[in-house]
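Structure first, then comments.
The values are calculated or read from the model by the stated rules, or taken from the named source; none is laboratory data. From a predicted model like this one, the values you see are computed outputs, not experimental measurements. Reconstructed Cβ throughout: ideal geometry from the backbone, glycine too, with neighbour counts over all protein chains shown.
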Amino acid sequence: MCKKICTLLLVVSLLVFGTSAFAAPKVIKLAHLNPQNPFDVATAAVAAVFKSELEARTGGAITVEIYPNGTLGKERETMEQVKAGITQSYIASVGGVAPFYPTIDITSMPFAYGSYEIGCALYDGPFGKEFAEDIRQKTGMRVLGFIPQGFFQFTNSQRPIKSPADMKDLKMRTMNNPLHMEFMDSLGAAATPVAWAEIYTALQTGVVDGQHNPITVINIGKLYEVQKYITLSNHMAGLYVWVLNDSFFAGLSPEEQVAVKGAATAAVLAGRGIDRIITATEKGLPTIAENMEVYTPTAEEIEQFKAAAIPAAKAFFAKTLGDEGTAWIDKYLAAIDDVKKAMME
């Protein structure tokens, strides 16, 4: 029976993908920054499920090679490889995408929304589709999926952060992203860009006092080992943007393109699910709470952060993105409002 099933699968694969089953398989090099632990890391779950799904759907006509832990280089280097077609795919942070598509920064608008469900609905809806198409046209990289990753929180080794006044003169690590640096500066901190691969040592040695990231990322990097305080501010929405070289995609057969899209959809759902599980279980906030002092700001304190950060962010976008960027901000905020209204119906 098993032999008959295997034979049937081979026949189906030949009918769908033709003689490619006998040719050398097409290879997708898929890179991401984190450890390849699919039950603990969202990007690893995306990579693992995509590999399994795509190889099964194409009968091995397309294979996926996973390169975790930034083994192909830092974010900018890896994105350049994808743009050039040397590496086919990368699961990037917003900071990794920004040098190639600055408008991506609007997704980090401070305090734009505070619900994971809103983020998923936003990027799965009309806004996400239009945004992905604009990215493809302007960069030559196709978006396979947006993976919301929770919300950014402040951590540091000096004192509890309860209001912007507590951030004065703290050296706060950011990714090499002008918006994130402007955000920290607007709160009175000294923004200090540090690569992800160097963040643990920078915090450990005092090169920087603190940083901001979603809880899952803080746990992946074990930053709780070198930080004392965390403030649950939810001040920015975290996001992974999964891209694929568009010329590579265009070179696939129609059947292979369908397989890639289907496998990507399954992988994105897996990544989102793992992120939610980690955040909601002992691998999320409980691990943080065992190692750090946790503070949840009051509504009044959050308003102080908003009063400092939102005007600065809007001025930043107007200056750096111009009229087109302003139009995208309007679309982004309007789409968030539409999602919120739909959820209340």
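Taken over segment 77-110, the criterion of being touching a residue at least 40 places away in the same chain (Cβ under 8 Å), of a type in the set (D, E, K, R) and surrounded by fewer than 22 Cβ atoms within 10 Å (Cβ to Cβ) is satisfied by K83 alone. Checking segment 240-260 against the condition returns a match, with at least one residue being over 23 Å from V94 (Cβ atoms), of a type in the set (D, E, K, R) and either in a helix (DSSP H, G or I) or assigned by TED's automatic domain parsing to the domain that holds K129 (or both). The residue of segment 84-98 that is nearest to the chain's Cα centre (by Cα), among those that are modelled with pLDDT of 95 or more and either among the β-branched types (V, I, T) or part of a loop (DSSP other than H, G, I, E, B) (or both), is I91. Only one of the listed residues (A270, A264, A315) is within 27 Å of F183 (Cα to Cα) and either surrounded by 15 or more Cβ atoms within 10 Å (Cβ to Cβ) or not assigned by TED's automatic domain parsing to the domain that holds L144 (or both). That residue is A315.
For every residue, the table says whether it meets (1) out of contact with any Cys (no Cβ under 9 Å at 6 or more places or on another chain); (2) outside the structural domain of L179 (by TED's automatic domain parsing); (3) polar (S, T, N, Q); (4) under 19 Å from D337 (Cα atoms).
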| position | (1), (2), (3), (4) |
| --- | --- |
| Y101 | yes, yes, no, no |
| S108 | yes, yes, yes, yes |
| F111 | yes, yes, no, yes |
| G125 | yes, yes, no, yes |
| E133 | yes, yes, no, no |
| G140 | yes, yes, no, no |
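Only one entry of G140, G145, G128, G150 meets the criterion of being among the small types (G, A, S), touching a Pro at 6+ places or on another chain (Cβ under 8 Å) and closer than 19 Å to V97 by Cα, and that entry is G150.
Taking first residues from segment 303-317 that are closer than 11 Å to F111 by Cα and partners that are part of a helix (DSSP H, G or I), the Cβ contacts under 8 Å between residues at least 6 apart in sequence or on separate chains come to F305/P164; A309/F183; A309/S186; A313/L179; A313/E182; A313/F183; A313/S186.
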